[in-house]
Structure formats: structure tokens, C-alpha cells
Amino acid sequence: MCLAIPGRVIEFTDPMRQLARVDVSGVRRVINVGLIDELAVGEWVLIHVGFALSKIDEEQARWTLDFLKQMGEGYQRELDEMGRSTIE
């Protein structure tokens with residue numbers, strides 16, 4: 001299963017390569033943010049396969065995270081896979 005999951009930008013790790021570290025329910029990983037213009041630390045993005053697809057507001061992020069948590073095992077599996085993956 002592949003989900004688009006909300007994450008909060010916590011730092012830009014490599015601005016030249018458009019990489020940022022995000023926090024997704026306690027899992028932190030580096031993603032590509034090149035598809036989004038004008039992104040700042042603290043903002044929420046919707047992430048799919050290592051790419052930030054769009055900005056979302058905090059209310060949308062919380063609602064989506066609550067909904068995904070209700071999925072139980074599927075959501076946890078996605079978080080586990082996200083934690084193991086990397087962008088070099």
C-alpha cells in the first residue's frame with residue numbers, strides 16, 4: 001500500500017539538492033521538496049515516495065494523520081517503510 005502522508009518540515013538539509021528533513025508521527029527522514037515553491041521550516045507537506053507533493057495546513061495534516069492512524073497496521077507499515085528508506 002502506498003499512502004500520501006503529512007509531514008512537518010524541521011530543517012533544510014541540502015538546499016542545492018532541494019532536500020529537507022521532515023517529521024512524520026515521530027519518524028524523521030529526508031525528502032525532496034523540489035516540487036513546492038516557497039517552503040519554510042514548520043510548514044506541513046503531503047509526502048509520497050520521498051517527495052513533497054503539496055503544502056497543506058496544520059488542520060488538514062492533523063485530520064489526515066488521525067484518519068491514517070485509524071487504518072492501524074497499514075499506516076504503521078507505511079511509517080516503518082518510511083523510516084527505513086533514504087534519499088542520498
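No lab work stands behind these numbers, since they all come straight from the coordinates. Treat the numbers as computed from the prediction; the structure is a model and nothing was measured. Cβ atoms come from the backbone with ideal geometry, glycine included; neighbour counts cover every protein chain shown.
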- Could you work out the helix-only [θ] at 222 nm for the chain, with each DSSP H run of four or more residues adding -39,500 (n - 2.57) and the total divided by the number of residues, to the nearest 500 deg cm²/dmol? -8500 deg cm²/dmol
- Message: Can you list residues from other chains, or at least 5 along the same chain, whose modelled amide H is less than 5 Å from the amide H of L53?
- Response: L46, I47, H48
- Query: Considering only DSSP beta bridges whose two residues both sit in the chain, what percent are antiparallel, to the nearest 5?
  - Reply: 95 percent
- For a quick protection proxy, order the peptides 23-33, 48-58 by their average other-Cβ count within 10 Å, most packed first. 23-33, 48-58
- Of L19, L35, L46, the one that fluctuates the most in a GNM where the chain has Cα springs shorter than 10 Å: L35
- Task: Would you mind working out the magnitude of the charge dipole of the chain relative to its Cα centre, with +1 at each Lys and Arg C-beta and -1 at each Asp and Glu C-beta, to the nearest 20 Debye?
- Result: 220 debye
